[in-house]
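Asks: Please read through the structure below; I'll follow up with questions.
Nothing in this text is a laboratory measurement; each read-out follows from the coordinates by a stated rule. None of these values were measured; they are calculated from a predicted model. When we count neighbours, we look across all protein chains shown, and the Cβ atoms used for this are built from the backbone with ideal geometry, even at glycine.
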Amino acid sequence: MYNVRSDYKLLFLFITLLTSACADKHTSLHQAIDALDKSKLATGSYVIIPNQGCEGCISTAEAFVKNNIGRTDNIRYIFTRIQSAKLLKIKLGSNVISSNKVLLDTANMIEYPDKGKEIYPMIISVKDHQIDKIAYQSPDDDGLNALLSK
């Protein structure tokens, strides 16, 4: 005899596993941001800038930070893989480095979900305290300028 109740239980179990797998996709990234930013953004963007990688992309991101640091309150900038905090302060200026919008990941907690894109600045969109979307600033993508059009 066919048992419909057990089919519903299996379907419910499958949906639960599927939604928890999707929710856990960015868990380590979410935890790193929580540890770095004590006053977390409910909705906004985090720009993760590695100190090593695509030189042109990183220079573009650093210039973006310098030019737009005071423009909006819903963007935070996290510098990671920092080789020298002193050099970074010289490049950006002490007023930028000391801004509450600039966070330094000195423990290198940020892990890129796309391992092939670790050399590029990463733009994380947050909506209702959850990671909504991830984009990159690379030769193929201009993720930073899309931030200003939001």
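Asks: If each residue's Cβ is checked for other Cβ atoms within 10 Å, how do Tyr136, Tyr112, Tyr120 rank with the fewest at the top?
Replies: Tyr112, Tyr136, Tyr120
Asks: Cα-Cα over 27 Å: which of Lys40/Lys133; Lys38/Lys86; Lys91/Lys127; Lys91/Lys133; Lys66/Lys117; Lys89/Lys133?
Replies: Table pairs above 27 Å Cα-Cα are Lys91/Lys127; Lys91/Lys133; Lys89/Lys133.
Asks: From the mean inverse distance of alpha carbon pairs (Kirkwood) and the Cα radius of gyration, derive Rg over Rh for the range 26-148.
Replies: 0.91
Asks: Between Lys133 and Ser94, what is 0.36 nm times their sequence separation minus the Cα-Cα distance? Round to one decimal in nm.
Replies: In short, 11.0 nm is gained.
Asks: What percent antiparallel are the DSSP beta bridges of the range 41-150, to the nearest 5?
Replies: 55
Asks: Asn145 versus Gln83, label points 7 Å from Cα toward the beta carbon: distance in nm?
Replies: 2.9
Asks: Separate question: Quick check on the range 92-150: what does the Kirkwood estimate of hydrodynamic radius come out to from the alpha carbon pairs, in Å?
Replies: 13.4
Asks: So for Arg76, Arg81, fewest C-beta neighbours within 10 Å to most, what's the order?
Replies: Starting with the residue having the fewest Cβ neighbours, the order is Arg81, Arg76.
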